[in-house]
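S.K.: The structure follows.
The values are calculated or read from the model by the stated rules, or taken from the named source; none is laboratory data. Fair warning: this is a prediction, and the values are worked out from it, not measured in the lab. FYI the Cβ positions are ideal-geometry reconstructions off the backbone, even for glycines, and counts take in every protein chain you see. Quick note on the areas: whole protein, heavy atoms, side chains included, nothing else; ligands and nucleic acids left out. Shrake-Rupley method; radii C 1.70, N 1.55, O 1.52, S 1.80 Å.
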Amino acid sequence: MPDETQARIADELTTVIAQLTRRLRAASAQEELTPSQTSVLSRLSREGPATTAGLARSELVRPQSMRMTLAALEERGLVARTPDPSDGRQVVFTLTETGVRLHGTGRRNRRSWLADAIEDELSPAEQRLLTEAVPLLQRLVSW
């Protein structure tokens with residue numbers, strides 16, 4: 001059981017990450033997408049084609065939920081399904097050109113907003129401290 005200090009840090013970190021996520025979403029061109037849809041576009045962009053089951057495992061959701069997310073993305077022309085080359089019974093999803101463009105625009109907008117905020121709001125020493133914190137956050141995410 002974490003002590004009081006770790007519990008306080010966890011509460012504060014949870015709150016600030018949620019606020020940062022909302023600010024990044026507001027800066028994105030993908031405002032009309034749900035967080036789940038945006039996450040799937042990002043994963044397909046980073047990792048390439050994937051099955052529904054593979055995406056569900058990676059995103060920690062049920063396959064039924066992933067099917068709904070993929071159906072919404074497919075309906076908007078952001079992903080396309082093709083037969084799995086190694087198993088014809090399955091399909092894999094890939095980003096379409098429209099999906100690539102939308103994801104790229106959203107990513108550039110989020111990056112631009114955050115880079116401007118870091119430059120305008122943080123001193124050089126604070127920027128170095130934030131740089132040092134990134135690997136720690138990455139470790140927490142992979143735990």
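S.K.: Being of a type outside the set (D, E) and open to solvent by 60 Å² or more (accessible area, probe 1.4 Å) is the requirement here; does R43 meet it? First the steps, then the outcome.
M.R.: Values: of a type outside the set (D, E): yes; open to solvent by 60 Å² or more (accessible area, probe 1.4 Å): no.
No, not satisfied.
S.K.: Looking at this structure, is G99 open to solvent by less than 30 Å² (accessible area, probe 1.4 Å) and more than 30 Å from L13 (Cα to Cα)? Steps first, please.
M.R.: Working: open to solvent by less than 30 Å² (accessible area, probe 1.4 Å): yes; more than 30 Å from L13 (Cα to Cα): yes.
Yes; evaluated as a whole, the condition is true for this residue.
S.K.: Given the conditions (1) open to solvent by 40 Å² or more (accessible area, probe 1.4 Å); (2) touching a Leu at 6+ places or on another chain (Cβ under 7 Å); (3) hydroxyl-bearing (S, T, Y), which single one is not true for T52?
M.R.: (1)
S.K.: Right, here's the next one. Being touching a residue at least 60 places away in the same chain (Cβ under 8 Å) and in contact with a Gly (Cβ under 9 Å, 6 or more places away or on another chain) narrows it down to one residue among A80, A27; which is it?
M.R.: After ruling out the rest, the residue left standing is A27.
S.K.: Out of the residues in the range 82-111 meeting the condition of being assigned to a helix (DSSP H, G or I) and among the aliphatic types (A, V, I, L, M), tell me which one is nearest to T38 (Cα to Cα).
M.R.: Selected residue: L102.
S.K.: Here is a follow-up. Please work out if V92 is at pLDDT 95 or above, under 17 Å from the mean Cα position of the chain (by Cα) and surrounded by 16 or more Cβ atoms within 10 Å (Cβ to Cβ).
M.R.: Judged against the criteria, V92 is not a match.
S.K.: Could you list, in sequence order, the residues of the range 69-81 that are in a helix (DSSP H, G or I) and surrounded by fewer than 15 Cβ atoms within 10 Å (Cβ to Cβ)? Reasoning before the result, please.
M.R.: Applying the first criterion (in a helix (DSSP H, G or I)) to the range 69-81 yields 69-75.
Residues satisfying the conditions are A71, E75.
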